[in-house]
């Protein structure tokens, strides 16, 4: 039995996210007519899904995470590709979203394009604002050309100056999350062993 998230659970997560962003979206839409809501979405869904939380608050509440088809955390680039392609999924009667009812891995059109999957997996509780702030700093660092920061459950530090003990702790947490993906059936034993070896080589 697979652990891919079903259509209705994903739909419920989307409704929760809509409730969360509706007020700021309306406010910004008043300041910047027409595109205000889009701007909020632009810095909501991709930022959260590429963070250590690997999910929007709505998905997190519903016990879902978004990972690559290899079981890895999405990069910012993957998350934005997924976001913009979700607009394509909504085009023509939401057909791209409805595809998840018929695909083997419950993937929507934007999942398939971005090579991502949504799985039933509940990660430890995190502070949403801290997670969002840390990932926004990463985005700004990438745009400005500065060295990106690494984030562990919402806390941010410069990876180039990380002590060895902190690196070891990060690797241990990464392997723990990887093992959860293995248990959930999102990745194979071979993929788990390969990625685990890659993490250990970083110490």
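Would the stretch 136-158 turn up any residue that is touching a strand residue (DSSP E or B) at 6+ places or on another chain (Cβ under 7 Å) and at pLDDT 90 or above? Within the stretch 136-158, one or more residues are touching a strand residue (DSSP E or B) at 6+ places or on another chain (Cβ under 7 Å) and at pLDDT 90 or above.
Do we have any residue at all in the stretch 46-59 that's farther than 25 Å from residue 103 by Cβ, under 13 Å from the mean Cα position of the chain (by Cα) and in a loop (DSSP other than H, G, I, E, B)? The answer is yes, given that some residue of the stretch 46-59 is farther than 25 Å from residue 103 by Cβ, under 13 Å from the mean Cα position of the chain (by Cα) and in a loop (DSSP other than H, G, I, E, B). Among the residues of the stretch 99-146, the ones that are outside any loop (DSSP other than H, G, I, E, B), in contact (Cβ under 8 Å) with a residue 60 or more places away in the chain and either over 15 Å from the mean Cα position of the chain (by Cα) or surrounded by fewer than 13 Cβ atoms within 10 Å (Cβ to Cβ) (or both) come to 3 in all.
So that you can scan it fast, the table gives a plain yes or no per residue for (1) surrounded by 15 or more Cβ atoms within 10 Å (Cβ to Cβ); (2) more than 19 Å from residue 137 (Cα to Cα); (3) in contact with a helix residue (DSSP H, G or I) (Cβ under 6 Å, 6 or more places away or on another chain); (4) in contact (Cβ under 8 Å) with a residue 12 or more places away in the chain:
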residue	(1), (2), (3), (4)
2	no, yes, no, yes
38	no, yes, no, no
50	yes, no, yes, yes
81	yes, yes, yes, yes
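Give the residues of the stretch 60-79 that are in a helix (DSSP H, G or I) and exposed (fewer than 15 other Cβ atoms within 10 Å of the Cβ), sorted by residue number. Give the steps one after another, and end with the answer.
Looking only at the stretch 60-79, we keep the residues that are in a helix (DSSP H, G or I), and these are 60-61, 76-79.
Result: 77, single match.
Which one of these is at pLDDT 95 or above and more than 24 Å from residue 177 (Cβ to Cβ): 48, 43? Only one candidate qualifies: 43.
Is the stretch 3-25 home to any residue that is touching a strand residue (DSSP E or B) at 6+ places or on another chain (Cβ under 8 Å), in a loop (DSSP other than H, G, I, E, B), within 28 Å of residue 191 (Cα to Cα) and at pLDDT 95 or above? Show your work before the answer.
Filtering the stretch 3-25 for residues touching a strand residue (DSSP E or B) at 6+ places or on another chain (Cβ under 8 Å) gives 3-5, 9-10, 13.
Still in the list and also in a loop (DSSP other than H, G, I, E, B): 3, 5.
Next, from what is left, pick out any that are within 28 Å of residue 191 (Cα to Cα): 3, 5.
If we keep only those that are at pLDDT 95 or above as well, we get 5.
So far as the stretch 3-25 goes, yes, one or more of its residues are touching a strand residue (DSSP E or B) at 6+ places or on another chain (Cβ under 8 Å), in a loop (DSSP other than H, G, I, E, B), within 28 Å of residue 191 (Cα to Cα) and at pLDDT 95 or above.
The values are calculated or read from the model by the stated rules, or taken from the named source; none is laboratory data. Keep in mind it's a predicted model, so treat the numbers as computed, not measured. Using ideal geometry, Cβ is built from the backbone for each residue, glycine included, and neighbour counts are taken over all protein chains shown.
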